[in-house]
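Everything below concerns the one structure shown next.
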Amino acid sequence: MLVSPLTLLLAVAFVGAGATFFAGPKARWVAVIFSGATVAVVVYTLTQFQLNFTLSYQLLEVNHWFTFAALPGAPGISVDYAVGVDGISLPMVLLSSVVTLAAVVYHWEEENAPGPFFGLLLLVNAGVLGVFVSLDVLLFFVFWEVVLIPMFFLIGRWGGARRHYAAIKFFVYTHVASVVMFVALLAMVFLGGWGTFDFVNLYGLQTLNQSALSSVTQVLLFGSLLFGFGVKLPMVPFHTWLPDAHVEAPTGGSVLLAAVLLKMGAYGLIRFAMPLLPVGREVLTPLIFFLAFLSIVWGAFLSLAQRDLKRLVAYSSINHMGIVLLAIGLWTQVGVLAAVLLMFAHGLVSAVLFMVSGSMHHAYGTRDIPSVGGMSAYTPRLSTMLMVGSLASLGLPALVSFPAEFSAFFATWEGLGLLVLIPLTALVVTAAFYLWMMQRLSFGPPRGSTLKTHDLPTPELVALSLMVALVVLYGILPFLVAQYIPASPLFHIPCFSGGGGVCP
Amino acid sequence: MTGIPPMAYLPEGFVLASTLLVFLADALGAQRRRVFGGISTLLLLGAFLLVLADLRVYPLAALATLPASLVGGPASGPIVFTSLGLIFQGLFLGVALLVALGSLSEGELDPGAAIFYGLLGLATLGMLLVAISADLIFLLLSIEVSTLSTYVLVGYVRRDSRGLEASMKFYIIGALSTAISFFGASLLYGAYGTTSLAAFAFPPAGGLGNLALVGFGLLMVGLGFKLTLVPFHMWAVDVYDGASPPVSALLSAGSKKMGLFAFFAVFIAVVHVFNATEGYALLVALGGLAVVTMTVGNLQALQQHNMKRLLAYSSISQAGYLLLGIAVATPAALSGATLLAVAHVLMKGGAFLVVGAATAAGVGVTIEEYRGLGRRLPVTALSFAILLLSLAGIPLTLGFVGKFYVFGAAVEAGGWFIFLAVAGLLNSALSVFYYGRILRIMYMADAPGEGPEPTREAPPTLGISSTRGVANAPPPRGGVLRAEIRTIGVARWGVILGCAVLTIAFGIYPTPLIHAFNAAAEQFLRLGY
């Protein structure tokens, strides 16, 4: 069996996490070497990926893991170690590894148990990479849960004042969601009589077994999956874990949470719920739209009300992921493309903003927006980063969010007509809270204790510069990532809305 | 019975010999724990290896060709060797070995050491016999052999009034459950005209009468005490709490698996009969008991402040997951329950040994006192964390694989079993609360004397207390490790670490276990034992 570069990727990521964990005081060097190596393998994977190949997943590797005993008279179901990528997972893999590298650099001066800290950061990344490259339902779930544990410790051990509460809330909330998701996935496989846990086969078999799942079952399963993935996304009203977890987590933890963990929920919806349960999708699409609009508007208005910069950014994530959910719910080619692009964009931008929040705390001793002002005079670099991040987040052209949001709104106009005014109105609110925040922080009269302020330390500057460079690069040349997205079996098959609703 | 070669009983012989030799050594005047422990450990290890060898001799993958003489017919006597039985024998011996090794680190000149190791052998012998019984009466008597030994084990330290109380409670409840079991057996004899377990797979002429139903119901209650099913679980918490940690490990990891195998032996064959006939109510009762057991166990565990009581309740909830496999009764379910049983042996055996180790390090009984254990006993705490994550069913641990298999089997079986799976999964999510709380206390709270908590003197046995006052100057890594091993004893330290390593190793690569268990489960279901 050919060894896929993805196996190498997972190996580097997991070995790196383990080595860093036990590395002691030199952990930061080990961490940066291994996260750099991870990025290198990802870049190699990008070069191996064929853009015009949409029949199946690429860089496949399938090895038998164990057999699930079947009912008497039926063959057992093989559970495989199956990995592969397509245009939807590849941008996420790239995003996750780059953001992790930046987070490691950002925390260069970490002194509180650096070995375990960097090790857990790398372990989060390893789990996330596993989620995005696994092509077996069980393997997917294994990695999905692996992500949870290190994040729980990152929040609970290195977090802010209310870290214990936030850690347990995060753990329980997302674990309940994963459990519901898992049982729905199993039920889908078993009740549908699909006899395989392999994604590659799932898409092919799904038409054959259309009749195996009754409409009611499909709706129930789709609802469960929507809940399971929606908590991670997070969509209103299942979002309450997010502000606590984000605000209490250390900066690197928040960055990974926002940049990649949230994307896992959207990825799961695109991968499983939408294509595999067409009847459930048709019935529940109005609900998706409603929840998406709710998340967009709710997230925007809650952001407007925040005084804490980090909390503001956290709530704006709910708003952005609402747009992602909307684009997925449309289930058109443009919609899915926009959703993936927006996931990528939000990953980069939220990483910048959370790093800026962390740096503001270092520089001014507070993240309270009203109590700090005149940042552009005292800490010009920090102020610049803040402005680039905020402008990117509100969708300024030539920064990475613009092409993504534009595609999303275009797809919404195509699919829902004038309802596009709802997210557009929310966009005005988004612009408002970002501009207001910048006005108060950067340009207002000097406020707060500016005596001991210092501008960005070198590691933070390097990490932020890296992220900002990517924000600008992918904003000017969005095709650098957008070109990968259609190279997916999803785009090859006419299973989108209007394509008959069935994935052949 | 004629076909079984005498060599097949060699493991039982070894275990019996361990008991006799320990008592002989005691009579000859041996005093050191190391002597008794050495004898016991070596012979248990021998028996364990013999069982493993047996499993190799009768390759599990090719069970269809198992010699008929070894399998035995429905009426061939009280003993049958099945692959699943052999697997459980291996499991019981594994537990015994774990307990024997883990308690080598207790006090060296403890006058109870001979009693402990002697009775450990006897209790194990009873378990081994359970795993090969083909007859209900033989099965119940074997359970008695094991249980009677454990009554004494719980209370043999006479100075400890809590142990005595636990022993008394255990004895009275145990006697009651035995009486109920035997009453059920007598009713079944009336209904079937035989006590051969294989005969239960075929309903008596005229279908399952009320007599048989009541008989099975009573057996469910009687054996339910052994498996600590709610509402027959009351004794378990007090007993686990009152007994010394190694004995609790034996009870939770070993005796409970014996109850599980007894359930397998009595009920698996009958479940299909239940399904087809008026016994459906009993099937629902099994499923209901499973759900009630896991839910009550978890809800109670949530409220505990005492570590041993928390582990006891979590052990009860685990019994619910195990029972779920019996209610579903497909090959996958049976195989999954066996996997979960193996996982449970490692998790609970290891966890109770950790409690013993923590006690040796001067940590008290409440969960709060495990504060900062991650820094004081790093390896033990890390192992404990892994075992707890496995108990919570987090992937890459054997606990996850077992749960996945059992719940997956329930979903696969379809129908109302899906609700059992959902109940099980919600419960396992619920359990994250209290396992997470322990993890938080071990790793995220400051050790006593380091944080803002009121300063408490570190126990002198810890060996690193002198460094407490020096701010931000932790002792070198090797130093902590050496102190840790010295504090809790190298044997116990190794066993705890071994449990954690095996939990992870089998969690990542469960393939050999699963293949063996799948084949054994299929054979067991086909034979009807």
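Listed values for the range A:284-301 are Karplus-derived 3J(HN,Hα) couplings in whole Hz (6.51 cos²θ - 1.76 cosθ + 1.60, θ = phi - 60°), namely 9, 4, x, 5, 4, 4, 4, 5, 5, 4, 4, 4, 4, 5, 4, x, 5, 5, and x replaces Gly and Pro.
Convex hull volume of the Cα atoms of the range A:219-270, normalised per residue: 59 Å³. Within the range A:5-492, the percentage of alpha carbon pairs spaced more than 32 angstrom apart rounds to 36%. Charge tally around A:Ile149: other residues with Cβ under 13 Å, Lys/Arg +1 each, Asp/Glu -1 each, net +1. Over chain A, Cα pairs under 8 Å with separation of 6+ residues give a relative contact order of 17 percent.
Peptides B:335-341, B:19-25 ordered by packing proxy, namely the average of other Cβ atoms within 10 Å per residue, highest first: B:335-341, B:19-25. Quick note on the range A:48-157: its Rg to Rh ratio, both from C-alpha atoms and Rh being the Kirkwood radius, is 1.09. Computed packing ranks the peptides A:243-253, B:303-313, A:319-329, B:29-39 as A:319-329, A:243-253, B:303-313, B:29-39, most packed first, by mean other Cβ atoms within 10 Å. Between helix B:161-192 and chain B there is an angle of about 10 degrees, using the helix long axis and the longest principal axis of the Cα atoms. Using the alpha-carbon positions of chain B, Rg (one decimal) and Dmax (whole number) come out as 22.7, 81 Å. Between the Cα long axis of helix B:307-328 and the first principal axis of chain B there is an angle of about 20°, rounded to the nearest 10.
Averaged over the residues of peptide A:161-172, the number of Cβ atoms from other protein chains lying within 10 Å of each residue's Cβ is 3.
Counting only Cβ charges, +1 for Lys and Arg and -1 for Asp and Glu, the dipole size of the range B:294-529 around its Cα centre is about 380 debye. Both radii were evaluated on the Cα set of the range B:230-297; the Rg over Rh quotient, with Rh as the Kirkwood radius, amounts to 1.08.
The relative contact order of chain B, computed from alpha carbon pairs under 8 Å that lie at least 6 residues apart in sequence, is 16 percent.
The H on the amide N of B:Ala445, modeled in the peptide plane, is under 5 Å from the matching H of B:Gly372, each at least 5 residues off or on a different chain. Close amide H partners of A:Ala82, meaning residues 5 or more places away or on another chain with modelled amide H under 5 Å apart, are A:Asn63, A:Leu135, A:Asp136. In terms of the mean number of neighbouring beta-carbon atoms within 10 Å, the peptides A:98-107, A:289-298, B:484-493 order highest first as A:98-107, A:289-298, B:484-493. Each of B:Ala179 and A:Trp436 was given a label point 7 Å from its Cα along the Cα-to-Cβ line. The distance between the two points is 7.6 nm. The long axis of helix B:136-155 is offset from the longest Cα principal axis of chain B by roughly 20 degrees. Give me the Kirkwood hydrodynamic radius of the range B:341-454, using the inverse of the mean 1/r over all pairs of distinct Cα atoms, in Å to one decimal. Taking every pair of different Cα atoms in the range B:341-454, averaging 1/r and inverting gives 15.3 Å. Which pairs in the list A:Lys263/B:Lys403; B:Lys226/B:Lys348; B:Lys169/B:Lys256 are over 19 Å apart, alpha-carbon to alpha-carbon? Going by Cα-Cα distance, A:Lys263/B:Lys403 fall outside the 19 Å limit. Can you give the percent of C-alpha pairs in the range B:294-529 whose distance is more than 29 Å? Cα-Cα pairs of the range B:294-529 separated by over 29 Å account for 33 percent.
Over all other residues within a Cβ to Cβ distance under 12 Å of B:Ala332, the charged ones net out to -2, with Lys and Arg as +1 and Asp and Glu as -1.
Taking each DSSP H run with n ≥ 4 as -39500 (n - 2.57) and averaging over every residue of the protein assembly as shown yields -23000 deg cm²/dmol at 222 nm. Rounded to the nearest 20 debye, what is the charge dipole size of chain A about its Cα centre when +1 sits on each Lys and Arg Cβ and -1 on each Asp and Glu Cβ? Computed about the Cα centre, the dipole is about 960 debye.
Taking a sphere under 14 Å around the Cβ of B:His344 and counting the other residues whose Cβ falls inside, with K and R at +1 and D and E at -1, yields a net charge of +4.
When every Cα-Cα distance of the protein assembly as shown is counted in 10 angstrom steps from zero, the calculated P(r) takes the values 2, 11, 19, 22, 19, 14, 8, 4, 1, 0 percent.
Every read-out reported here was derived from the displayed coordinates using simple, explicitly stated rules and does not represent laboratory data. No experiment lies behind these values; they were computed from the predicted model shown. Counting neighbours? That spans all protein chains shown, and the Cβs are built from the backbone with ideal geometry, glycine included.
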